[in-house]
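J.: Take a look at this one; I'll ask things after.
The values are calculated or read from the model by the stated rules, or taken from the named source; none is laboratory data. These numbers were taken from a predicted model, which means no experiment stands behind them. Glycine gets a Cβ as well: all are built from the backbone with ideal geometry, and neighbour counts include every protein chain shown. Each accessible area value is taken on the protein alone, full model and side chains, heavy atoms only, with ligands, DNA and RNA left out. Shrake-Rupley method; radii C 1.70, N 1.55, O 1.52, S 1.80 Å.
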Amino acid sequence: MKRGLLALRSAFLWILSGLHFFICAPMLVFLGIFLDPHKHDWLQRSFCRRIVFLAGARVEVVRASAFDPQRTCFFMVNHVNLFDPFILYCAIPQYVRGWELESHFKIPAYGWLMKRFGNVPVPDVRRPSDLKRMWRLTQDAIDGGTSLIIFPEAKRTRNGHVDVFEEGGFRVAQQLGIPVVPVSLAGSIKHHRTGHWMLWPATITVHLHDVIETKGMTKKDVPALCNRVHEIIAAPIEVSLEEKSRE
């Protein structure tokens with residue numbers, strides 16, 4: 001009986017959040033045609049907060065003592081489900097965009113929103129010309145004071161554990177001297193598991209860890225940086241998964 005009620009709840013939340021998204025997203029795209037997205041960032045954040053709320057989740061933010069909200073940087077984050085970008089836009093206290101697979105820009109409404117708001121396309125096929133464009137757009141974003149969200153796993157987890165990281169984002173950070181902030185999304189797997197449709201009541205805790213400087217690093221330092229960030233991100237997530245297993 002309880003499972004049946006939760007299934008009805010999930011269906012209702014999908015319909016409600018879907019209607020909200022497909023009504024509001026085109027309006028934000030339209031605003032983006034005439035206004036600099038910086039001018040209505042509060043509207044975008046409000047939009048993201050409503051998406052998370054209508055999906056039945058609560059968000060808590062924990063900031064490390066050495067996290068600097070003023071620093072333009074790369075936010076390296078574990079990837080759990082399709083709600084992650086909206087949760088991060090709610091939780092990160094500065095103007096932020098992200099690396100987004102170029103194929104995602106073709107998704108109706110969502111892709112229009114990502115393109116209009118200045119997300120950086122990551123080519124699905126890594127041709128030199130496309131990679132150069134990605135580097136240029138990344139540099140332009142950072143120079144303009146826009147931090148970028150990167151999912152170094154390059155895919156969503158299926159079991160909640162943090163998967164192996166790709167080094168591409170860390171190489172860019174090292175070569176451009178961009179500081180890195182590890183971010184842990186703990187509890188997202190309790191809310192929604194990729195490959196399933198249920199939306200469970202859950203609190204998602206966003207851990208904004210200390211800023212890691214990359215200036216002075218060499219290419220040889222990139223694997224160690226990648227491993228260090230992986231360990232930092234995974235720590236609170238493993239604690240969350242252990243707590244879930246005991247419930």
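J.: Ignoring ligands, DNA and RNA, what accessible area per residue does the range 149-247 give at 1.4 Å, in Å²?
T.: Details: 4730 Å² over 99 residues.
Here the residues of the range 149-247 average 48 Å² of exposed surface.
J.: For a label point 7 Å from the Cα of Arg63 along Cα→C-beta, name the residues of the range 194-220 whose backbone N is under 11 Å from it.
T.: 208
J.: HN-Hα J couplings of the range 53-59 from phi, Karplus 6.51/-1.76/1.60, θ = phi - 60°, integer Hz, Gly and Pro as x?
T.: Result, rounded to whole Hz: 5, 5, 8, x, 10, 10, 10.
J.: Hey, another quick one. Ignoring ligands, DNA and RNA, please state the percent of accessible area on the range 1-56 from carbon and sulfur, probe 1.4 Å. Write out the running numbers ahead of the final one.
T.: Details: 2830 of 3580 Å².
With neighbouring chains kept in place, the figure for the range 1-56 is 79 percent.
J.: Running a GNM on the chain with Cα contacts under 10 Å, which residue among Ile178, Ile15, Ile149 ends up with the highest mean-square fluctuation?
T.: Among Ile178, Ile15, Ile149, the largest GNM mean-square fluctuation belongs to Ile15.
J.: How big is the charge dipole of the chain about its Cα centre, in debye rounded to the nearest 20, if each Lys and Arg gets +1 on its Cβ and each Asp and Glu gets -1 on its Cβ? Before the final figure, lay out the partial values.
T.: Details: 31 positive and 23 negative charges, 127 e Å.
Using Cβ point charges on Lys, Arg, Asp and Glu, the chain gives about 620 debye.
J.: Right, something else. Calculate the FRET efficiency for Phe30 and Ala224 from the Cβ-Cβ distance with a Förster distance of 45 Å, rounded to the nearest 0.05. Don't skip to the end; give the middle numbers.
T.: Details: r = 46 Å, r/R0 = 1.02.
Step by step, r from the Cβ atoms, then E = 0.45.
J.: Points 7 angstrom from Cα along the Cβ direction at Arg49 and Gln139: gap in nanometres?
T.: Spacing of the two 7 Å Cα→Cβ label points: 3.8 nm.
J.: Can you run phi through the Karplus equation (6.51, -1.76, 1.60; θ = phi - 60°) for the range 137-148 and list ³J(HN,Hα) in whole Hz, with x for Gly and Pro?
T.: 5, 5, 4, 4, 5, 5, 4, x, x, 9, 6, 10
J.: For Leu199, which sequence-distant residues (separation of 5 or more, or a different chain) have an amide H within less than 5 Å of its own amide H, given hydrogens modelled in the peptide plane?
T.: Those qualifying (amide H under 5 Å, at least 5 residues apart or on another chain) are Ser10.
J.: Here is a further query. Considering the chain as a Gaussian network with a 10 Å cut-off on Cα pairs, which listed residue, Arg156, Arg50, Arg126, attains the greatest mean-square fluctuation?
T.: Judging by the Gaussian network model, the answer is Arg126.
J.: Measuring with a 1.4 Å probe in the full set of protein chains, what accessible area per residue, in whole Å², belongs to the range 1-101? Intermediate results must be reported in sequence, preceding the final value.
T.: Working: 5190 Å² over 101 residues.
Per residue, the range 1-101 has 51 Å² of solvent-accessible surface.
J.: Please report the net charge: other residues with Cβ closer than 10 Å to the Cβ of Asn81, K and R +1, D and E -1.
T.: Working: positive: Arg156, Arg193; negative: Asp84.
Here the count lands on +1.
J.: Under a 5 Å amide H to amide H cut-off, with H placed in plane at 1.01 Å, what residues pair with Leu101 once short-range neighbours are removed?
T.: Sorted by chain and number, the residues that satisfy this are Val122.
J.: For the range 115-229, with the dipole built from +1 on Lys and Arg beta-carbon atoms and -1 on Asp and Glu ones, taken about the Cα centre, which of Thr214, Val125, Thr203 lies farthest toward the positive end?
T.: Val125
J.: Additional query: Most mobile of His161, His192, His79 per a Gaussian network model of the chain (Cα springs, under 10 Å)?
T.: In this elastic network of the chain, the residue with the biggest mean-square fluctuation among His161, His192, His79 is His161.
J.: I've got another one for you. Given 0.36 nm per residue, what is the gain on full extension from Asp130 to Leu176 after removing their alpha carbon distance, in nm? Please report the intermediate quantities before stating the final value.
T.: Details: separation 46, 0.36 × 46 = 16.56 nm, distance 1.77 nm.
Contour length minus Cα-Cα distance gives 14.8 nm.
J.: Still on this structure, please answer the following. Over the chain, what is the percentage of antiparallel beta bridges among all DSSP beta bridges, to the nearest 5?
T.: Details: 5 of 25 bridges.
Roughly 20 percent of the DSSP beta bridges within the chain come out antiparallel.
J.: Any idea what log10 I(q)/I(0) is at q = 0.13 Å⁻¹ for the chain, Debye with uniform C-alpha scatterers and no solvent?
T.: For the chain at q = 0.13 Å⁻¹, log10 I(q)/I(0) is -0.83.
J.: Test of understanding: extend the Cα→C-beta vector of His38 to 7 Å, then name every residue of the range 68-107 with backbone N under 13 Å from that spot.
T.: The answer is 95-96.
J.: So who's got an amide H within less than 5 Å of the one on Asn78, skipping anything under 5 residues away but keeping other chains? H placed 1.01 Å off N, in plane.
T.: Correct list: Val183, Leu185.
J.: On to the next question. With an 8 Å Cα cut-off and a minimum separation of 6 or more residues, compute the relative contact order for the chain in percent.
T.: Working: 394 pairs, mean separation 64.7, N = 247.
After rounding, I find 26 percent.
J.: Contour minus end-to-end for Leu5 and Glu213, with contour as 0.36 nm per residue of separation and end-to-end as the Cα-Cα distance?
T.: Details: separation 208, 0.36 × 208 = 74.88 nm, distance 4.85 nm.
Fully extending the segment from Leu5 to Glu213 adds 70.0 nm.
J.: Once you have the Kirkwood Rh of the range 60-120 from its Cα pairs, apply Stokes-Einstein at 25 °C and 0.890 mPa s and quote D in µm²/s. Write down the numbers at each step before the final one.
T.: Values: Rh = 13.1 Å.
Rounded to a whole number, D works out at 188 µm²/s.
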